[in-house]
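See below for the structure under consideration.
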């Protein structure tokens, strides 16, 4: 079944998406609900984005390194994480004068932030300590390459190389294994 789904989608045949939905819709919904349990208004949109991501990225699936189910699960998980991030950003940019503030709003934001921090930490734990520090400074603290280069007393080219290798490592771990 997976082989048929893969080849149909790869050849841009919509029948492949029908088969995929029949076979994996419950898995995708369960993953989205797990990660966006307190954001039900985003479930359908996120699920649609998962299907769209599968359709657009089927060529990156390597059947020798992974099974389709795990690859789909990884896409669903990381789309859900993206939606959490997107939602957190909207919370940060809401004009307070236009909103009735409730205490739940602040609590929900903190819960989402701590979940997201945990998931980012879990992902970065796959890197060695130095690379993890680089990723935190560059991508979470948004420091410039120049600043990080000075702080660690290394050339910017070394940083670019380590970041590139780190991204490749994370990509291979999460696209080939479907997460930890």
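The helices (runs of 4 or more DSSP H) falling completely within the stretch 1-84 that include 3 or more residues that are under 18 Å from residue 116 (Cβ atoms) map to 14-35, 43-57. Condition check for residue 11 on (1) at pLDDT 90 or above; (2) in contact with a helix residue (DSSP H, G or I) (Cβ under 7 Å, 6 or more places away or on another chain); (3) surrounded by fewer than 16 Cβ atoms within 10 Å (Cβ to Cβ): one failure, at (2). Filtering the stretch 85-98 for residues that are in a loop (DSSP other than H, G, I, E, B), at pLDDT below 90 and in contact with a helix residue (DSSP H, G or I) (Cβ under 8 Å, 6 or more places away or on another chain) leaves an empty set.
For the stretch 105-132, a tally of residues being more than 20 Å from residue 172 (Cα to Cα) and surrounded by 11 or more Cβ atoms within 10 Å (Cβ to Cβ) returns 10. Test residue 36 against the stated conditions and say whether it is surrounded by fewer than 16 Cβ atoms within 10 Å (Cβ to Cβ), without any contact (Cβ under 8 Å) to a residue 60 or more places away in the chain and in contact with a helix residue (DSSP H, G or I) (Cβ under 9 Å, 6 or more places away or on another chain). Against the criterion (surrounded by fewer than 16 Cβ atoms within 10 Å (Cβ to Cβ), without any contact (Cβ under 8 Å) to a residue 60 or more places away in the chain and in contact with a helix residue (DSSP H, G or I) (Cβ under 9 Å, 6 or more places away or on another chain)), residue 36 does not qualify.
Taking first residues from the stretch 51-67 that are under 13 Å from residue 175 (Cα atoms) and partners that are exposed (fewer than 11 other Cβ atoms within 10 Å of the Cβ) and at pLDDT 90 or above, the Cβ contacts under 8 Å between residues at least 6 apart in sequence or on separate chains come to 63/3. Counting only helices (runs of 4 or more DSSP H) that sit wholly inside the stretch 107-180, those with at least 2 residues that are modelled with pLDDT under 85 are 156-176. Against the criterion of being within 15 Å of the chain's Cα centre (by Cα) and at pLDDT 85 or above, residue 75 qualifies. Checking 51, 42, 6 one by one, the residue that is surrounded by 13 or more Cβ atoms within 10 Å (Cβ to Cβ), in contact with a helix residue (DSSP H, G or I) (Cβ under 7 Å, 6 or more places away or on another chain) and at pLDDT 95 or above is 51 and no other.
The values are calculated or read from the model by the stated rules, or taken from the named source; none is laboratory data. From a predicted model like this one, the values you see are computed outputs, not experimental measurements. With ideal geometry, Cβ positions are generated from the backbone for all residues, glycine too; neighbour counts draw on all protein chains shown.
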